[in-house]
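The values are calculated or read from the model by the stated rules, or taken from the named source; none is laboratory data. Everything numeric in this text was worked out from a predicted model, so none of it was measured. Cβ atoms come from the backbone with ideal geometry, glycine included; neighbour counts cover every protein chain shown. Surface areas here come from the heavy atoms of the whole protein model, side chains and all, with no ligands, DNA or RNA. Shrake-Rupley method; radii C 1.70, N 1.55, O 1.52, S 1.80 Å.
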Amino acid sequence: MLNLRLILLPLFLCFIIHTQAQKQDSISSQKVKALKSEVLKALEGKYKTAQEMVDMVFSFSELGFQEVETSRYLTGILQKNGFTIEKGIGGIPTAWLARWGNGKPVIALGSDIDCIPKASQKPGVAYKEPIVEGAPGHGEGHNSGLPLVILSAIEVKRIMEREKIPGTLIIWPGVAEELVASKAWYIRDGYFKNVDACLFTHVASNMAVSWGDPGSNGLVSVEFTFEGNSAHSAGQPWRGKSALDAVELMNVAWNYKREHLKPSQRSHYVITDGGDQPNVVPSKASVWYYLRERTYEDIKAMYDDALLYANSVAAMTGTKVSHKLLGTAWPQHFNKAIAEAVYQNIKTVGLPVWDSADQQFARAVQKLVNAPKTNQRGDSINGLALKLDTLRGPVQFSWGGGSDDIADIAWNVPTVTLYYPSNIPGTPGHNWADAIAMATPIAHKGVVAGSKVLAATLLDMLTDPKIIAKAWDYFRNVQTKDIKYIPFVQADTPPAVHLNQKIMDEFRPQLKKFYYDPAKYRTYLEQLGIRYPQLEKKDF
Ligand SMILES: [Zn+2]
């Protein structure tokens, strides 16, 4: 009898503990559900805050490495909301980390902040009209991502404080994404060492997330500078050694090489210095290449060949050559467990409710830019998205495409990119037309919807340790099982912070006159005197 009791008692205790644990689990998942609906409701009420932040960053229109006003403004908001700011990370003056919270999990939240050269464009008008002729503008929509992240983080922080939920939030900017020139440096300098997961956001025209290889290219961005000898181009040209000849021969060689590269490669260049004037043999000339491919090995092979060509044309022209790595990105790969968690919340939140003004404007812009009838996946393009994207897995095949240095973070920490619908489908990308919706209700509604998905996912990850555990299992046993991250950035590669300085010095004083003033105007559209949707040019 005694023996039997000794056996039964632990069994009975186990049963009680087990049922209690189950009860606690179900209570906490009920609680999480309630917290999530609370945060979605709170964010629904943040439309005005979203509009103000999105419009403000839009009006700054700052190029990569020169995001001075943007960073000052965004860190100011975060500081006011209790975040601690570490400025100038990675030796980049406009880069920073904003931290709040304690202990695990540590979740990094990021988005890009830089804009596009010569993309200045009035928002809300269905025709081309720059705010400042020739100035940079948000022709990629990077003015919307960090406002989205900040909205979510502040609401989630409020709940974490009240409910005593442990965890650390780190907010960070993708500085100079258009130059793919900061994130590999953040990794090199150890800023993501103790991060458990990274949720990145990027503007798009639908709400989407994917895992695995999305089919993008990685790249190196490298500038070659040749040095020769000047001479009087007419008087004694035989004494000159033209650095521009070297640049031109390099480009000819590379353009012949294209025939023997895989169809997935993308390579493009601009001549950043072609000499001063025709009667002086150019003693200095530079050419800047982006070399893109689908795998590290193929990018490395292109990079090695470009170095070989540069040295060869230097020998041919009697010039000296040096090169600088200005930017780099790995091909992207996103985390499965986190993408699945994000997609559940995408389905809950859904697309924004577009009104007839939004749709009318979107269709007018699509007509203006001669948008294709379907996107590359065959979905029809007609106004704003009305049907949610699906959760996409790894591509089987890709012809290659663009790059984002978020990949360098994603090869070091489980990461996904949440795409949110703040722009019009069918625009060309990196163009003034891509700025046209970015300070209108389309952008604002997309940001609010995206912030809900991000906040809900954050709450899931903070309260359910299984998501991050599964994320690391995928990261270790699938993503990095056979492919190991080898950075192109060396220990002594400086960030190319000199880029765009001259352009911003020229345009910032003119752009300043058009900075958004929320104390005077309800919206930036109002400040610019635009009656959205303004389909035709009118004088009011
Ligand atoms: Zn981008």
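Looking at the range 449-467, which of its residues are among the β-branched types (Val, Ile, Thr) and surrounded by fewer than 24 Cβ atoms within 10 Å (Cβ to Cβ)? If the condition is that a residue be among the β-branched types (Val, Ile, Thr) and surrounded by fewer than 24 Cβ atoms within 10 Å (Cβ to Cβ), then THR463, ILE467 are the ones that fit.
Count of the range 120-160 residues, restricted to those that are away from the ligand (no atom under 16 Å from the Cβ) and open to solvent by 20 Å² or more (accessible area, probe 1.4 Å), is 11. Here LEU148, LEU169 are screened, and the one residue that is under 19 Å from GLN79 (Cβ atoms) and in a helix (DSSP H, G or I) is LEU148. Going by the conditions given, is PHE192 farther than 24 Å from GLU293 by Cβ and aromatic (Phe, Trp, Tyr)? Against the criterion (farther than 24 Å from GLU293 by Cβ and aromatic (Phe, Trp, Tyr)), PHE192 qualifies.
As a summary of the residue check, SER322 satisfies the conditions (1) over 30 Å from TYR269 (Cβ atoms); (2) open to solvent by 50 Å² or more (accessible area, probe 1.4 Å) except for the one numbered (1).
The residue of the range 285-306 that is nearest to GLY215 (Cα to Cα), among those that are in contact with a Leu (Cβ under 9 Å, 6 or more places away or on another chain) and in a strand (DSSP E or B), is GLU293. Across the range 187-203, which residue is nearest to the ligand (Cβ to nearest atom) among those that are touching a residue at least 60 places away in the same chain (Cβ under 8 Å) and out of contact with any strand residue (DSSP E or B) (no Cβ under 9 Å at 6 or more places or on another chain)? Among those that are touching a residue at least 60 places away in the same chain (Cβ under 8 Å) and out of contact with any strand residue (DSSP E or B) (no Cβ under 9 Å at 6 or more places or on another chain), it is ILE187. When restricted to residues that are farther than 21 Å from THR295 by Cβ and surrounded by fewer than 23 Cβ atoms within 10 Å (Cβ to Cβ), the range 386-418 contains 6. If you go through the range 204-222 and keep only what is open to solvent by 20 Å² or more (accessible area, probe 1.4 Å) and away from the ligand (no atom under 14 Å from the Cβ), you end up with ASN206, TRP211, ASP213. Being hydrophobic (A, V, I, L, M, F, W, C) and within 16 Å of the ligand (Cβ to nearest atom): is that true of ILE77 here? For ILE77, the condition - hydrophobic (A, V, I, L, M, F, W, C) and within 16 Å of the ligand (Cβ to nearest atom) - is not met.
Quick grid of which residues meet (1) closer than 16 Å to PRO93 by Cβ; (2) open to solvent by less than 30 Å² (accessible area, probe 1.4 Å); (3) under 23 Å from the mean Cα position of the chain (by Cα); (4) in contact (Cβ under 8 Å) with a residue 60 or more places away in the chain:
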{"site": "GLN490", "(1), (2), (3), (4)": "no, no, yes, yes"}
{"site": "PRO495", "(1), (2), (3), (4)": "yes, yes, yes, yes"}
{"site": "MET504", "(1), (2), (3), (4)": "yes, yes, yes, yes"}
{"site": "PRO509", "(1), (2), (3), (4)": "no, no, no, no"}
{"site": "LYS513", "(1), (2), (3), (4)": "no, no, no, no"}
{"site": "THR523", "(1), (2), (3), (4)": "no, yes, no, yes"}
{"site": "GLU526", "(1), (2), (3), (4)": "no, no, no, no"}
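The single condition among (1) touching a Lys or Arg at 6+ places or on another chain (Cβ under 7 Å); (2) at pLDDT 95 or above; (3) over 29 Å from LYS46 (Cα atoms) that TRP432 does not satisfy is (3). Suppose we filter ILE27, ILE16, ILE7 for residues that are modelled with pLDDT under 95, closer than 30 Å to ASP464 by Cβ and open to solvent by 90 Å² or more (accessible area, probe 1.4 Å); which single one remains? Unique residue meeting the criteria: ILE27. Would you say MET302 is hydrophobic (A, V, I, L, M, F, W, C), over 30 Å from ALA455 (Cα atoms), modelled with pLDDT of 95 or more and open to solvent by less than 70 Å² (accessible area, probe 1.4 Å)? For MET302, the condition - hydrophobic (A, V, I, L, M, F, W, C), over 30 Å from ALA455 (Cα atoms), modelled with pLDDT of 95 or more and open to solvent by less than 70 Å² (accessible area, probe 1.4 Å) - is met. On the basis of being open to solvent by 10 Å² or more (accessible area, probe 1.4 Å) and either within 16 Å of the ligand (Cβ to nearest atom) or within 25 Å of ALA410 (Cβ to Cβ) (or both), does GLY101 make the cut? Considered against the rule, which asks whether it is open to solvent by 10 Å² or more (accessible area, probe 1.4 Å) and either within 16 Å of the ligand (Cβ to nearest atom) or within 25 Å of ALA410 (Cβ to Cβ) (or both), GLY101 comes out as yes. Residues that are polar (S, T, N, Q) and in a strand (DSSP E or B) were ranked within the range 223-236; the one that is nearest to the ligand (Cβ to nearest atom) is THR225.
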